Amino acid sequence: MKTYRIALIPGDGIGKEVIPAGVRVLEKAAEANGKFEFRFEPFEWGCEYYQRKGRMMPADGLERLRPFDAIYLGAIGHPTVPDHISLRDLLLNIRFNFDLYINIRPFEILPGLTTPLRDKGPAEVNMLFIRENSEGEYSGIGGRLRKGTPDEVAIQTSVFTRKGVERVIRFAFEQARKRPRKRLASATKSNAMQYTMVLWDEVLREVAKDYPDVSVANYHVDALAARMITHPESLDVVVGSNLFADILTDIGGALQGSLGLAASANVNPTARLGPPMFEPVHGSAPDIEGRGIANPIAAIWSGAMMLDYLGESAGAVRIMNALRTVTGEARVRTPDLGGKNTTEEFALAVAAAIAG
């Protein structure tokens, strides 16, 4: 029997609640399949660790993670630690050093759930976002001069390499080619950003020549944000830079009906410097921490993405079918979806649907 070693980083806030829910579902999927199993190892890194140690993860944290088959992360962030520290010292640290340059975020309307958009449902909202994940606007290059004075200057430098842009755009084309509609939309702002985004657009046109079967549209990011709301049915695969796609995917989560539905994968499809990482992207939600009402759908969905990436596509399909069954029945729902059930009750319902 195949055994997958999974590093668990529940992190902060509701991450400690949704990751156990996701683990429950993953273990049930493995049991139902009978051909693989998991060995989970928890790492209590995050803002509480920072309060004790002065850092978000140990100095050797990356080396400790490297042998695992995947990382399953809950949420990072807490009001006690500045966001730029918590995000950069753990999440971005893993993404950048393992060169997980692709961030995959699917958006679809699950059965039984309604979209905030009038008369829009599963047929109209079904998008796959491909976000550049290891450079761009989040490269962390810059500084502050004359800090705290009236003459203070802050400089933040974006880094776009031809290699980095090409590999994410090529991956997006490959995903579009696999989908029925074969459409790719690119988020740009080359009318105002004459260096980075002009390079992005040039590489898009060059790579497009290798994919004549994929239709391509290039939108300014503000126009694309509006199109997601006014004409979501026109969008299939969307590719964007680190910052642009980060913002647009939060719109996507809202279109699904709740940020508690937004799943993601961080992967390097061409090399392995470290394990891929799978995470819900709803944040740590400290306002509901400890109440047991967090929506675990994004964590469960991210777990299905992890299974698929590990080559256990049948197990991934089993989880997603069970998830759609539970939402479609509309009997078990967390408060963000208008229900009264707990995180654990929802996970138990999905696990039961897997068992059949």
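A compact table of results
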item	result
In the range 115-256, lysine pairs with alpha-carbon atoms under 26 angstrom apart (chain gap of 8 or more, or interchain)	9
Local electrostatic count at Ile155 - Lys and Arg +1, Asp and Glu -1, tallied over other residues with Cβ under 15 Å	0
Residue of Arg88, Arg167, Arg205 that the Gaussian network model of the chain assigns the largest fluctuation, springs spanning Cα pairs under 10 Å	Arg205
Percentage relative contact order, the chain, counting C-alpha pairs under 8 Å, at least six apart	24 percent
For the range 116-164 versus the range 28-64, the gap between their alpha-carbon centres in whole angstrom	27 Å
Computed over the range 115-256: relative contact order in percent, which uses C-alpha pairs under 8 Å that are six or more apart	38 percent
Gyration tensor verdict on the range 65-159 (Cα atoms; rounded if a/c is under 1.5, prolate if a/b is larger than b/c, oblate otherwise)	prolate
Chymotrypsin sites (Phe, Trp or Tyr not before Pro) restricted to DSSP loop in the range 162-197 with at most 13 other C-beta within 10 Å	Tyr195
DSSP loop GluC sites (Glu not before Pro) with at most 14 other Cβ within 10 Å: longest gap in the chain	153-356
Ascending count of other beta-carbon atoms within 10 Å, so fewest first, for His220, His282	His220, His282
Theoretical gain in end-to-end length, Glu27 to Ala330 [0.36 nm per residue, Cα-Cα removed]	106.7 nm
For the chain, built as a Gaussian network whose Cα springs stay under 10 Å, the top-fluctuating residue of Gly315, Gly328, Gly142	Gly142
Cβ-derived FRET efficiency at R0 30 Å, Glu202 paired with Asp151, nearest 0.05	0.20
For Ser139, residues with placed amide H under 5 Å, excluding near neighbours	Val159
Nearby lysines by direct alpha-carbon distance to Lys28 (threshold 22 angstrom, same-chain neighbours under 8 apart not counted)	Lys2, Lys16
Gyration tensor (alpha-carbon) shape descriptor, the range 115-256, a/c threshold 1.5	oblate
CD proxy at 222 nm, helix term only [per DSSP H run n ≥ 4: -39500 (n - 2.57); per residue of the chain; nearest 500]	-12000 deg cm²/dmol
Relative contact order (%) - the range 263-348, alpha-carbon pairs under 8 angstrom, separation at least six	26 percent
Fully extended contour minus Cα-Cα distance, from Arg177 to Thr161, at 0.36 nm per residue	3.3 nm
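No value in this document is a laboratory result; all are computed from the given coordinates. For clarity, every value in this text was computed on a predicted model and none was experimentally measured. For neighbour counting, all protein chains shown are included, and Cβ atoms are generated from backbone atoms with ideal geometry for every residue, glycine included.
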